[in-house]
Each structure stands twice: as structure tokens, then as C-alpha cells.
């Protein structure tokens with residue numbers, strides 16, 4: 001009896017994880033596109049409105065369906081043996097820091113970037129969310145902006161921040177990395193993708 005129950009749980013889980021997304025992709029694509037056309041353009045702010053939550057759920061669902069379909073279409077992708085391999089870590093929306101910018105973990109710090117026009121502010125906190133002094137620190141931010149690599153030199157700009165100015169306007173969520181050397185000589189690198 002236990003084998004029957006256990007087998008049923010496994011088969012139901014596999015069917016739900018594999019068959020449901022494939023069926024959704026096959027028969028629900030038109031409905032999803034129709035829903036996307038009806039939804040308004042995404043606002044620039046991070047307000048948690050019902051439409052934003054619904055859109056985030058739909059986007060996550062699309063990503064899952066795409067990944068499962070790719071694995072079914074090309075089993076080699078699962079093992080990561082060809083050039084189009086699925087990334088090892090899922091691309092989740094960036095965590096938002098207390099200053100409203102994207103935040104990542106780097107070494108023993110939370111690193112948050114806040115672009116404002118051509119000015120870049122980089123804030124640092126430890127893993128217990130306490131402010132970290134950036135006195136004596138230096139760094140560089142390297143971002144791809146409008147298809148070109150931009151290097152921004154960073155210097156202390158306050159208690160827990162480094163500041164730098166770019167030659168071009170920095171987007172709200174730039175792609176690239178921030179490398180910092182602390183006053184003790186340790187190097188920390190935070191990647192934003």
C-alpha cells in the first residue's frame with residue numbers, strides 16, 4: 001500500500017511539474033498574449049499593486065514554461081553539455097535595498113547601487129544590516145550602458161557609501177560589476193545582472 005501511495009505522489013508531482021507547463025505553453029499562449037496586451041505598461045516605481053503582482057507571476061510562469069520546454073526539446077541542455085545550456089542559477093528579480101536600488105550579496109556585505117542620473121551611489125551593509133564605514137575604501141564600477149562599457153571611479157561619499165560620476169546617464173538597473181578595495185586591502189566584487 002505504501003508503494004502505491006508513494007508511486008502516486010511521484011507520478012502526480014512529475015505530471016504537475018512537466019505536463020502542466022507544456023500544456024499551458026501549447027494551449028494557453030494566445031490567452032497569455034491577450035492578457036499581456038490588456039495590461040498597462042509597467043510603472044517605473046516598485047509599488048506592489050495588484051497588476052504588478054499579477055504581471056510578476058505571469059513573467060515567472062513564462063520563465064518556468066520556457067525552461068521546461070527547452071529541457072524537453074533538447075535533453076542535452078539539462079546536463080549543460082552544449083553552448084545554450086540553461087544557467088545553473090535562476091535569474092530572479094534583483095533584491096531591492098533600503099535606498100531603493102538593486103542589492104546583491106558580495107563577501108560579507110550587502111551591496112546596493114543607486115543610480116541618479118550620472119551619479120552612482122554604492123551603499124554597504126553587513127549581513128545583519130548594520131552600516132559599514134567606507135572610510136579609506138576605493139573602487140570602480142564597470143557597467144555596460146547603451147552597448148558601451150563605462151568605468152566609474154568610486155570614492156567615499158558618506159558613512160556607508162562610495163560615490164562616482166559617469167560620463168553618461170546610468171539606467172535604474174545597470175548591468176555589470178562593482179569592485180571595491182577596503183581600507184584593510186581586501187577586495188570585494190558585486191555582480192549586477
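The values are calculated or read from the model by the stated rules, or taken from the named source; none is laboratory data. For clarity, every value in this text was computed on a predicted model and none was experimentally measured. FYI the Cβ positions are ideal-geometry reconstructions off the backbone, even for glycines, and counts take in every protein chain you see.
Computed values, structure above
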{"item": "Qualifying positions in segment 142-175 - at positive phi and either in a loop (DSSP other than H, G, I, E, B) or surrounded by 19 or more Cβ atoms within 10 Å (Cβ to Cβ) (or both)", "result": "146, 147"}
{"item": "First in segment 6-23 and outside the structural domain of residue 63 (by TED's automatic domain parsing) and farther than 19 Å from residue 65 by Cα, second anywhere and at pLDDT below 75 and outside any helix (DSSP H, G or I), Cβ under 7 Å, 6 or more apart", "result": "none"}
{"item": "Residue list for segment 131-186, filter: closer than 17 Å to residue 97 by Cβ and over 24 Å from the mean Cα position of the chain (by Cα)", "result": "134, 157, 158, 159"}
{"item": "Any hit, segment 112-130, residues being over 15 Å from residue 98 (Cα atoms), buried (at least 19 other Cβ atoms within 10 Å of the Cβ), free of Cβ contacts under 8 Å to residues at least 40 places away in the same chain and in the same structural domain as residue 185 (by TED's automatic domain parsing)", "result": "no"}
{"item": "Any hit, segment 102-117, residues being part of a loop (DSSP other than H, G, I, E, B), within 18 Å of the chain's Cα centre (by Cα) and under 17 Å from residue 186 (Cβ atoms)", "result": "yes"}
